[in-house]
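Asker: The structure under discussion is supplied below as structure tokens; questions concerning it will follow.
The values are calculated or read from the model by the stated rules, or taken from the named source; none is laboratory data. Keep in mind that what you see is a predicted model, and the values were worked out from it rather than measured. All Cβ positions, even for glycine, are placed from backbone atoms using ideal geometry, and neighbour counts span all protein chains on display. In case anyone asks, the SASA skips ligands and DNA or RNA and just uses the protein heavy atoms, side chains included. Shrake-Rupley method; radii C 1.70, N 1.55, O 1.52, S 1.80 Å.
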Amino acid sequence: LAGPVAIGVTVVSLATSEPPAGLDDSKVLSARKREALIEPVRQWALAHAIGMADASEIDEMGIVTAMRLAWTRAHDALPIKPAHVILDGRHDWLTPPASDLFTSFDAPHIPVTMQVKADSACASVAGASVLAKVARDALMRDLATQHPVYGWEANVAYGSAEHMAALKMHGATAVHRRSWNLPIG
């Protein structure tokens, strides 16, 4: 409900060694296990980066285009560019549509393969997922000190009961995604 969307990228090749032990979908790993995997993932991948698009960009262009922008920012930061991308899920949000009135940036055109549950089945996707989640969660915990009523130190801006109640009582902050259906009192 608040904060940026974060997209991680890990670049691997056929010569990349076995992935770090315990690497899995970031959503099934505890925060402690995710954080313990950060350095092993960084050392394992040929290259890695995280891109973010903030709440105002999400509000301005929508979440799908903001995800593409965040991925583009990560791609731009990579010293080694991927020749192919594997995305988790069924929807290819990375490939720009033929006519996109909302995009004011050039997203790289790279072949994309969609794979349902890729973050559980593909180590490079799992590594990217872990990097992005740890970075975003850390940012939201930092922002919790400025906005303590929302409980971001624990819920990292997801729709917990505490966060929803705080929105009803205190309204949205500048880092909330105001285009989303927030329960503002």
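Asker: Can you list residues whose amide H is under 5 Å from Ala2's amide H, if they're 5+ apart or on another chain and H is modeled 1.01 Å from N?
Answerer: Arg177
Asker: Also, quick follow-up: If I take every Cα pair under 8 Å that is 6 or more residues apart in segment 35-158, average their sequence separation and divide by the length, what percent do I get for the relative contact order?
Answerer: Averaging sequence separation for qualifying contacts and normalising by length gives 22 percent for segment 35-158.
Asker: Pick out, in residue order, every one of the trypsin sites (Lys or Arg not before Pro) in segment 25-86 that is DSSP loop and has at most 14 other C-beta atoms within 10 Å; say none if there are none. Before the final figure, lay out each step's value.
Answerer: Numbers: sites: Lys27, Arg32, Lys33, Arg34, Arg42, Arg68, Arg73; in loops: Lys27.
Hits after loop and neighbour filter: Lys27.
Asker: Just to be sure I understand the model, the point goes 7 Å from the Cα along the line to the Cβ. What's the resulting His84 to Ser30 distance in nm?
Answerer: The modelled label-to-label distance comes out at 3.7 nm.
Asker: Something else about it: Add -39500 (n - 2.57) for each DSSP H run of 4 or more in the chain, then divide by its residues: what number comes out at 222 nm, to the nearest 500 deg cm²/dmol?
Answerer: Rounded to the nearest 500, the figure is -12500 deg cm²/dmol.
Asker: Treating only the Cβ of Lys, Arg, Asp and Glu as charged (+1, +1, -1, -1), what charge dipole size does the chain show about its Cα centre? Round to the nearest 20 debye.
Answerer: Approximately 240 debye in magnitude.
Asker: Give the carbon-plus-sulfur fraction of the accessible surface of segment 77-182 in %, rounded to a whole number; probe 1.4 Å, heavy atoms of protein chains only.
Answerer: Looking at segment 77-182 in its full context, I get 58 percent from C and S.
Asker: May I ask you to compute the full-extension gain from Ser120 to Gln146, defined as 0.36 nm times their residue separation minus their alpha-carbon distance, rounded to one decimal in nm?
Answerer: 5.9 nm
Asker: For a quick check of your reading of the filter: which trypsin sites (Lys or Arg not before Pro) in segment 85-185 sit in a DSSP loop and have no more than 11 other Cβ atoms within 10 Å?
Answerer: Answer in residue order: Arg90, Lys117.
Asker: Additional query: Just by accessible area at a 1.4 angstrom probe, what is the order of Asp24, Asp142 from largest to smallest?
Answerer: Sorted descending by solvent-accessible area, the residues read Asp142, Asp24.
Asker: Given DSSP loops and a limit of at most 16 other Cβ atoms within 10 Å, what is the longest stretch of the chain that contains no such chymotrypsin sites (Phe, Trp or Tyr not before Pro)?
Answerer: Details: sites that count: Phe102, Phe105, Tyr158, Trp180.
Longest run free of exposed loop sites: 1-101.
Asker: Structure shown: which of Lys33/Lys81; Lys27/Lys117; Lys81/Lys133; Lys27/Lys81 lie over 23 Å apart, alpha-carbon to alpha-carbon?
Answerer: Lys33/Lys81; Lys27/Lys81, as the Cα separations exceed 23 Å there.
Asker: How much accessible area per residue does the chain have, counting only protein heavy atoms and a probe of 1.4 Å, in square angstrom? Write out the running numbers ahead of the final one.
Answerer: Working: 9660 Å² over 185 residues.
Accessible surface, normalised per residue, equals 52 Å².
Asker: Here is a follow-up. Taking each full run of DSSP H in the chain as one helix, which ones are at least 18 Å long along their axis (Cα atoms) and have mean Kyte-Doolittle hydropathy of at least -0.5? Working shown, then result.
Answerer: Numbers: long enough: 31-44 (20 Å, -1.02); 63-77 (21 Å, 0.24); 123-144 (31 Å, 0.75).
Correct list, ordered by number: 63-77, 123-144.
Asker: So for the chain, what percent of the C-alpha to C-alpha distances run longer than 24 Å?
Answerer: Roughly 41 percent, rounded to a whole number.
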